[in-house]
Every structure is written in C-alpha cells, then in structure tokens.
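> Structure below; questions to follow.
The values are calculated or read from the model by the stated rules, or taken from the named source; none is laboratory data. All of these numbers come straight from a predicted model, not from anything done at the bench. Here the Cβ positions follow ideal geometry from the backbone for every residue, glycine too, while neighbour counts run over all protein chains shown. Please note that ligands, DNA and RNA were not included when accessible areas were found on the heavy atoms of the full protein model with its side chains. Shrake-Rupley method; radii C 1.70, N 1.55, O 1.52, S 1.80 Å.
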Amino acid sequence: MGYSYIPLKMKAEVFRIKKACELTVSILDRLRLQIKPGVESRDIDLLCREMLFSAGGEAGLLGYKGFPSSLCISVNHVAAHGIPNDYKLVSGDILTMDLTAGLNGWFGDCAVTLGVGDISEEKGKLIAAAERATLAGIEAARAGGRMGDIGCAIQNASVESGYTVLKNFIGHGIGRKIHEEPAVLHCGEVGSGRPIVPGMVFTIEPILTPGADKVVLLKDGWSVITRDRMPCAQFEHTIAIFGDRTEILTRGT
Ligand code: MF3
Ligand code: CO
Ligand code: CO
C-alpha cells in the first residue's frame, strides 16, 4: 500500500535494544541527581560523556548531523534539541534531558523532564500531563491496531489536561540507527495510519505546552523554542511491539 520499509526486529534484536535502553535510563537516573541550582547544563553533558564512555557505550547524538553534545538539554521554553551550554540552572526552571545511547551497535532513546529546586504549580502540572500523554500513547500502541490510535490517544490525553501537543515533533523507529521508520505522529485518528505489527520498535515522545503550537529555531541551528516562550515538557520512551504485549524498553526513569 505504499508504506515505507520498516526494519522489524526479532526477539534477540529487541533484547539488544533493551540493553542499550537500560544504559540510557541508568545514565539519565544518575544525571538527574546532579540537577540543582547553579549547575551549568554543559556540566551535565560532560558527566554524560564520562558515563557513556566508562560503560562502553556510544553517544548516539554526538556528531549526529553535526549535533555537538552527547545529549539534548532543553530548559523552560526550549521545546527540543537544546545544546548544553554555560547557562546556570536556577530554582524554578524545568528541563528536559534527552539521551540516545548506543551499546554494541544498537540504540535506546529516552527523555525526561525534571524540575530544578522548587517549581511552580503550573510547571508541575505540565510535567505530570506530559508524562500521562506519553503513557496514554504507549497504552494505545498494540499489535493489531494502527499508528493513528497512538496519536489520537496522545491528543486526547493532552486536550483533557488542557495542553497543546507540538505536532512537528514526532517519534521514530529505532534500532541500529537512531532514527528509522516508522514516523510516529503525536496526533491522529483511531483506525488510521499504518498497521502496528510485532517486531516494531519505536519511540513515543510528545512535547506538551500550555501555549500555542508555534515554534522558532534559534541561531545555534538546533534549539527550538516556543514562539510565545511558554514552557515545554516531554517524556520519551522506546517501546517494542510483540504479538501479545507491548514492552517499555526504557522503563525505570
Ligand atoms: N533523542 C532525540 C530524539 O528523540 C534526537 C534529537 S536529534 C538531535 O529523537 F541531534 F538534535 F539531538
Ligand atoms: Co530522544
Ligand atoms: Co527520539
């Protein structure tokens, strides 16, 4: 029907991706302990590189299309692809850490949004809603369904919480490459889109904001901010589709 080719994974391959996902999560878990006021986001990048290196892992993002760091750190109104820099975190900030780690040639991808020090109730609600939206998408990702089921579930969960999903940012297949087919839209209609079949491994990673679905690319060529400077939150998981179940490979963070 004209769908592009998806490299479906055998169980042994999913197991390898899971190992990369476990490394990804363990690094994010250790990095989150370092998030406090006064820390520069590039310090987090340096720690991340050390952890990847000492675990024999690969920084999937470093050098990817020229990306200069081992992870993305997107603070407040930076929606995605923030480059770690000399910005000093202050209490009340929220930040998303997004890490793609490789192990033995396979990749895992996970992102989490955290608060720095004391955050406002509004930011706390945004973070909780973003996590719910991702989990709603995962819940809808079942063999026998369609990709549109996932987008619809995310959309519904976000609207229910009163937030907007940034539609230009999509999830993606993952495996030997950090971005593969299929494209995973964070909006859609139930029963539409390509069929969800066993062996698919892909990410779900909606970005939520209280403001408008309008973004601007900064001059650094990577950081994307909301035009209205409203904050963003994002949770990303890598999941594997089996005939009888769906597994979150990046569970734990
Ligand atoms: N980990 C990001 C994702 O979820 C990768 C962003 S590409 C980058 O797909 F180069 F900007 F980091
Ligand atoms: Co990611
Ligand atoms: Co991703």
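> Tell me which residues come under 5 Å, amide H to amide H, from GLY82 once H is placed; ignore anything under 5 positions away on its chain.
ILE73, SER74, VAL224
> Ignoring ligands, DNA and RNA, what percent of the 1.4 Å accessible area of the chain is carbon and sulfur?
For the chain, the apolar C and S fraction of the accessible surface comes to 54 percent.
> In the structure shown, do any of LYS36/LYS219; LYS19/LYS177; LYS18/LYS167; LYS88/LYS167; LYS123/LYS167; LYS65/LYS177 have a Cα-Cα gap over 18 Å, and if so which?
LYS36/LYS219; LYS18/LYS167; LYS88/LYS167; LYS123/LYS167
> Give me the 1.4 Å probe accessible area per residue for the chain, excluding ligands and nucleic acids, in Å².
In whole numbers, the chain has 44 Å² accessible per residue.
> Next question, about the same structure. Could you tell me how far the Cα centroid of the range 223-253 sits from the Cα centroid of the range 24-97, in Å?
The distance from the Cα centre of the range 24-97 to that of the range 223-253 comes to 16 Å.
> Hey, another quick one. Quote the accessible area belonging to LEU249 in square angstrom, nearest 10, computed with a 1.4 Å probe and with ligands, DNA and RNA left uncounted.
10
> What list of ³J(HN,Hα) couplings, whole Hz, do you get for the range 220-228 from phi and the Karplus terms 6.51, -1.76, 1.60, once you set θ to phi - 60° and write x for glycine and proline?
Ordered by residue, 3J(HN,Hα) equals 5, x, 10, 4, 10, 10, 6, 4, 8 Hz.
> Arranged from highest to lowest average of other beta-carbon atoms within 10 Å per residue, in what order do the peptides 136-145, 48-57 appear?
136-145, 48-57
> Can you list the HN-Hα couplings for the range 230-246, worked out from phi with the Karplus curve (6.51, -1.76, 1.60; θ = phi - 60°), rounded to whole Hz and with x for Gly and Pro?
For the range 230-246, the Karplus-derived couplings read 7, x, 10, 9, 8, 10, 10, 10, 9, 10, 10, 9, 10, x, 10, 6, 10 Hz, x marking Gly and Pro.
> Also, I was wondering about something else. How big is the range 98-234 by Rg and Dmax over its Cα atoms, in Å?
15.3, 44
> Next question. How big is the dipole moment of the chain about its Cα centre under a simple scheme where the beta carbon of each Lys and Arg is +1, that of each Asp and Glu is -1, and everything else is neutral? Debye, nearest 20, please.
420
> Mind giving me the nanometre distance, one decimal, between the label points for TYR5 and SER54, set 7 Å out from Cα along Cα→Cβ?
About 4.1 nm, to one decimal.
> Using the C-alpha atoms of the chain, what convex hull volume per residue, in cubic angstrom, is computed?
Given the Cα convex hull of the chain, per-residue volume reads 116 Å³.
> Shifting gears a bit: Per-residue accessible area for LEU103 at 1.4 Å probe radius, Å² rounded to 10?
40
> What ranking of LYS65, LYS18 comes out by heavy-atom accessible area, probe 1.4 Å, highest first?
Largest to smallest exposure gives the sequence LYS65, LYS18.
> Follow-up question, since we're still on this one. With the dipole of the range 186-253 worked out from charges on the C-beta (+1 for Lys and Arg, -1 for Asp and Glu) around the Cα centre, which of GLY221, ILE207, ALA240 lies farthest toward the positive end?
GLY221
> Above 21 angstrom, tally the Cα pairs of the range 1-92 and express them as a % of all pairs, no decimals.
43
> I would also like to ask the following. How big is the charge dipole of the range 73-129 about its Cα centre, in debye rounded to the nearest 20, if each Lys and Arg gets +1 on its Cβ and each Asp and Glu gets -1 on its Cβ?
Magnitude of the dipole: close to 40 debye.
> To continue, here is another question. Using 0.36 nm times the number of residues separating ARG42 and LYS125, minus their current alpha carbon distance, what extension gain do you get?
Going from the current span to full extension adds 27.2 nm.
> Between VAL159 and GLU181, what is the label-to-label distance in nm when each label sits 7 Å out along the Cα-to-Cβ direction?
For the pair VAL159/GLU181, the computed spacing is 3.0 nm.
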